[in-house]
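**Student:** Quick one: the structure is below, questions incoming.
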Amino acid sequence: GAPALVQQARQHFSWAEATNIQQVEGKFIDTLPQVLAATSPFDFVLLDGHHTAEATLTYFEHILSHCNTNAVLWIDDINWSKGMKQAWQHICQNPRVPISVDLFDFGLLFLRPGKAKEHFVIRPV
């Protein structure tokens, strides 16, 4: 959604000679359906955008249906607001997410079928 940040990321990717990254510029609501249809299934997803509980839950559900069995999802700003905290708690209860890790600024979800449900909280000292 922020063209200046997209350009900055392009510069960083170029500097790092990262050639296996596809950037999509635009609002999630406008671009996510096409990206999911064209590029899935995913092994890793970084979800960092529209920071409301409703949007985060909607995007998570859409993305989850396009993930490989053992995918990892990174959700940014899980403690950014009351709504984001609630969304994170709801996401951690999803049956496809047996392992979740709260790292305060972001959370990691591990899709591992057959694993017992575990939730970890790791906070800086």
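The values are calculated or read from the model by the stated rules, or taken from the named source; none is laboratory data. Just so we're clear, the structure is a prediction, and the values are computed from it rather than from any experiment. Cβ placement follows ideal geometry from the backbone for every residue including glycine, while neighbour counts extend to all protein chains displayed. Heads up: the accessible areas ignore ligands, DNA and RNA and are worked out on the full protein's heavy atoms, side chains in. Shrake-Rupley method; radii C 1.70, N 1.55, O 1.52, S 1.80 Å.
**Student:** Please work out which residue is nearest to the chain's Cα centre (by Cα), limiting yourself to the range 98-116 and to residues that are touching a residue at least 24 places away in the same chain (Cβ under 8 Å) and more than 18 Å from T56 (Cα to Cα). Lay out the reasoning, then the answer.
**Tutor:** Here is the first cut: in the range 98-116, the ones touching a residue at least 24 places away in the same chain (Cβ under 8 Å) are 102, 104-113.
Filter once more, keeping what is more than 18 Å from T56 (Cα to Cα): 112-113.
Values: R112: 16, P113: 19 Å.
Here the residue is R112.
**Student:** Considering only residues that are under 27 Å from K85 (Cβ atoms), part of a helix (DSSP H, G or I) and of a type in the set (A, V, I, L, M, F, W, C), look in the range 10-54 and name the one that is least open to solvent (accessible area, probe 1.4 Å).
**Tutor:** L36
**Student:** So which of H90, H62, H66 is open to solvent by 40 Å² or more (accessible area, probe 1.4 Å), at pLDDT 95 or above and closer than 24 Å to I29 by Cβ? So that I can check it myself, show each step before the final result.
**Tutor:** Details: H62 fails: at pLDDT 95 or above; H66 fails: at pLDDT 95 or above.
None of the others qualify; the one that does is H90.
**Student:** Next question, about the same structure. Taking the range 93-116 only, how many residues are open to solvent by 40 Å² or more (accessible area, probe 1.4 Å) and assigned to a strand (DSSP E or B)?
**Tutor:** Keep residues of the range 93-116 that are open to solvent by 40 Å² or more (accessible area, probe 1.4 Å), which gives 93, 95-96, 103-106, 110, 112-116.
Narrowing the set further to residues that are assigned to a strand (DSSP E or B) leaves 106, 110.
Counting residues in the range 93-116 that are open to solvent by 40 Å² or more (accessible area, probe 1.4 Å) and assigned to a strand (DSSP E or B) gives 2.
**Student:** Residue check: is H119 surrounded by fewer than 16 Cβ atoms within 10 Å (Cβ to Cβ), assigned to a helix (DSSP H, G or I) and in contact (Cβ under 8 Å) with a residue 24 or more places away in the chain?
**Tutor:** In short, no.
**Student:** For V72, are the conditions met, namely being open to solvent by 80 Å² or more (accessible area, probe 1.4 Å) and among the aliphatic types (A, V, I, L, M)?
**Tutor:** Judged against the criteria, V72 is not a match.
**Student:** On the basis of being within 26 Å of L5 (Cβ to Cβ) and among the small types (G, A, S), does A116 make the cut?
**Tutor:** Taking the combined requirement at face value, the residue does not satisfy it.
**Student:** Moving on to the next point. Just for the range 55-68: of the residues that are outside any helix (DSSP H, G or I) and without any contact (Cβ under 8 Å) to a residue 40 or more places away in the chain, which one is nearest to N94 (Cα to Cα)?
**Tutor:** S65
**Student:** Small (G, A, S) and either farther than 24 Å from V6 by Cα or part of a helix (DSSP H, G or I) (or both): is that true of G83 in this structure?
**Tutor:** Yes, satisfied.
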